[in-house]
Each structure stands twice: as C-alpha cells, then as structure tokens.
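The values are calculated or read from the model by the stated rules, or taken from the named source; none is laboratory data. These figures come from a predicted structure and were not determined experimentally. Note that we place each Cβ from the backbone using ideal geometry, even for glycine, and neighbour counts take in every protein chain shown. The accessibility values were calculated without ligands, DNA or RNA, using every heavy atom of the protein model including side chains. Shrake-Rupley method; radii C 1.70, N 1.55, O 1.52, S 1.80 Å.
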Amino acid sequence: MTTFDADTGVERVGADRFRANIDPKWWVIRGPNGGYVAAILQRAMTETVGDRARPARSLTVHFLTPPDAGPVDIETRVEREGRSLTSTSARLVQGGRLIATAVGAFSAGRKAVEYSEAVMPDVPPPEDVPSRLIEGAPPHAAMFDWKPAIGPADFTAGGRAITGGWFRLREPQLADPVVLTSYADNWYPALFFRTREPVGVPTVDFTVHFRAGLPLPGARPEDYYLLVFRAPLSHDGFVVEDGEIWSQDGQLVTQARQMAVVLA
C-alpha cells in the first residue's frame, strides 16, 4: 500500500457508510487540498458501486467548509442503477458538520460516434524537464514530483493565466480515477500567473470527467501525466479554471473544471 492509498483509504462501517482520516500532510493554506478530499469521496463511491465493468465517468464535488485533520464519515448512496450507468451521491461529515457533497456517474462503455479534436500541447518529454517545487509551497506539494513545462514563472503577472507540466505522485502510483481526481486539483492555480502577490483560491465546486478507461492499458506506476490548466476570466471575486490531463502518448484521459473564491 502506498502513502496515497493509505491517506485516501476508506473503511466500510455500514452498508453505505465509510470512515476515513484527513491527514495533515495534504494541507494547503486553510485546510486539506480539495483534490485530496475529492479523491477520498471518489474512493468511497467506487466502493459503493463495486462494479469494475462500470468505471468512473464523472465526479462533481461541492466544498462547504474545510475539514480539520482527523476522522471523517462518508455517507454514500446509489441514486439509480440503470442497464449501463450507475448514479451515486456522497456526503462527507465531520463532528456533525457537513464538509462536502458529491455526485458521480459510473458506466460501461458505449458504441457511438468516435472522434477527437483535442490536441496535446507540444512540450519536451518528462525526462528532459527538471523537477521544480515552488518556493514556500504548502505541505501537500511535497507529495508530488512537479516538472513545470507550460506558462511563465509564478507570481510574475507577466503572461496569460495558463500553467502546466509533467506530474505524478512522488511515490509512484498507478493512475486510476482516484489518483487522477487528486491530480486534477493539485497543480498550482493558473490565476497565479496574473498577480504579483500570493492569493488564496479555495475551491467552491470541482468536476472531473474521465475520458478513458483507467488505469490505461500498459500504464506503469512511474508514468508522468501532462497537466494543463487555464483560467481565462477572474471576476467578482471568483475564478473558473479548466484543466486537461494527458498521457505521455498523447491521449486525453481527464478533463476538469472548478470554480474558486479569490482571497486577496
């Protein structure tokens, strides 16, 4: 079991109830990283569905308040189970406080129109990009290997709100939907490239779409994934960021979107 498996692990304590633990090593400024919390919810809903033939297709999480370090309870529910698609929901509770709510979709593949107009950014391969961690980064950043390859230096206010690079857990881990849920909210925000002063950007809502069966055939724990994030508009104290996660061979495996509050 890897550190990530242990820190996002859930224990079934009832038919649709789980217990997990929020570990402080995943802390950001005001609480644990949202992608880490979402990964715990994703794992609980995956256990609830319990059908490998119906992999995760979509996850949406609304964050109400940051949890403290320590135990949390997760209440899950199968809202509907159809012929090919299962719809689920989950609530994460700590000490009587509702922390986050989630909905998810799990489905077998379908025969339909197939095409892709998405193009992977042209960047050097991961072995040619040095690892670099942002100076003063919060504790959760140490859990990953960062190889910035897209966008200018952070907090320069000198470019577009776009950022990205090669990314993986520092302790190699096969990338399944739980892992990629975490990846989709662990790179530093694209907003950081439009300001000279550090700001907080706690997530309000977070959606991940899984665009491939995961883990990918032939995937290895040591594989890097290319993360790309864009935030073209920040207005009225909120910013919306769109993300993509690409495999090393150019397959778009995950798309994500989140709205966050901007705290100056």
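Yes/no per residue for (1) within 16 Å of Ala137 (Cα to Cα); (2) in contact with an Asp or Glu (Cβ under 9 Å, 6 or more places away or on another chain); (3) not aromatic (Phe, Trp, Tyr):
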| site | (1), (2), (3) |
| --- | --- |
| Glu171 | no, no, yes |
| Ala175 | no, yes, yes |
| Tyr188 | yes, yes, no |
| Leu191 | yes, yes, yes |
| Gly200 | yes, no, yes |
| Phe206 | no, yes, no |
| His209 | no, no, yes |
| Pro215 | no, yes, yes |
Checklist entry - So which of Asp145, Asp73 is at pLDDT 95 or above, closer than 28 Å to Trp246 by Cβ and either of a type outside the set (A, V, I, L, M) or open to solvent by 60 Å² or more (accessible area, probe 1.4 Å) (or both)? => result Asp145
Item to check | Members of the stretch 54-86 that are within 15 Å of Phe210 (Cβ to Cβ) and either of a type outside the set (A, V, I, L, M, F, W, C) or over 20 Å from the mean Cα position of the chain (by Cα) (or both) | outcome: Arg54, Pro55, Arg57, Ser58, Thr60, Leu85, Thr86
Item to check | Verdict on Pro221 being within 26 Å of Val49 (Cα to Cα) and without any contact (Cβ under 8 Å) to a residue 24 or more places away in the chain | outcome: no
Item to check | All positions within the stretch 215-257 that are farther than 19 Å from Ala56 by Cα, surrounded by fewer than 16 Cβ atoms within 10 Å (Cβ to Cβ) and in contact with a Lys or Arg (Cβ under 9 Å, 6 or more places away or on another chain) | outcome: Pro221, Glu222, Pro232, Asp242
Checklist entry - open to solvent by 20 Å² or more (accessible area, probe 1.4 Å), in contact with a strand residue (DSSP E or B) (Cβ under 7 Å, 6 or more places away or on another chain) and of a type outside the set (Gly, Ala, Ser), is that true of Leu64? => result yes
Checklist outcome for this item: Scanning the stretch 1-16 residue by residue, those farther than 16 Å from Gly50 by Cα, loosely packed, with under 14 Cβ neighbours inside 10 Å and of a type in the set (Asp, Glu) turn out to be Asp5
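Which of the following residues is farther than 30 Å from Leu263 by Cα, surrounded by fewer than 18 Cβ atoms within 10 Å (Cβ to Cβ) and free of Cβ contacts under 8 Å to residues at least 60 places away in the same chain: Arg54, Arg19?
Working: Arg54 fails: surrounded by fewer than 18 Cβ atoms within 10 Å (Cβ to Cβ).
Answer to the selection: Arg19.
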Next on the checklist: Take residues that are in contact with a helix residue (DSSP H, G or I) (Cβ under 6 Å, 6 or more places away or on another chain) and tell me which of the strands (runs of 3 or more DSSP E) falling wholly in the stretch 168-264 contain 2 or more.
Outcome noted: 203-210, 225-235, 238-246
Item to check | Conditions (1) crowded, with 18+ Cβ neighbours inside 10 Å; (2) part of a loop (DSSP other than H, G, I, E, B): number failed by Gly164 | outcome: (2)
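Condition check ((1) closer than 27 Å to Tyr36 by Cβ; (2) modelled with pLDDT of 95 or more) across all residues:
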{"residue": "Ala100", "(1), (2)": "yes, yes"}
{"residue": "Ala112", "(1), (2)": "no, no"}
{"residue": "Met120", "(1), (2)": "yes, yes"}
{"residue": "Pro125", "(1), (2)": "no, yes"}
{"residue": "Ala137", "(1), (2)": "yes, no"}
{"residue": "Gly159", "(1), (2)": "no, no"}
Checklist entry - Pairs, please: C-beta under 9 Å, at least 6 apart or cross-chain, first residue closer than 15 Å to Val204 by Cβ and free of Cβ contacts under 8 Å to residues at least 40 places away in the same chain and in the stretch 236-253, second open to solvent by 30 Å² or more (accessible area, probe 1.4 Å) and β-branched (Val, Ile, Thr)? => result Gly237/Val261; Gly237/Val262; Phe238/Val204; Phe238/Val261; Phe238/Val262
Next on the checklist: Between Leu174, Leu214, Leu180, Leu227, which is free of Cβ contacts under 8 Å to residues at least 60 places away in the same chain and more than 21 Å from Gly31 (Cβ to Cβ)?
Outcome noted: Leu174
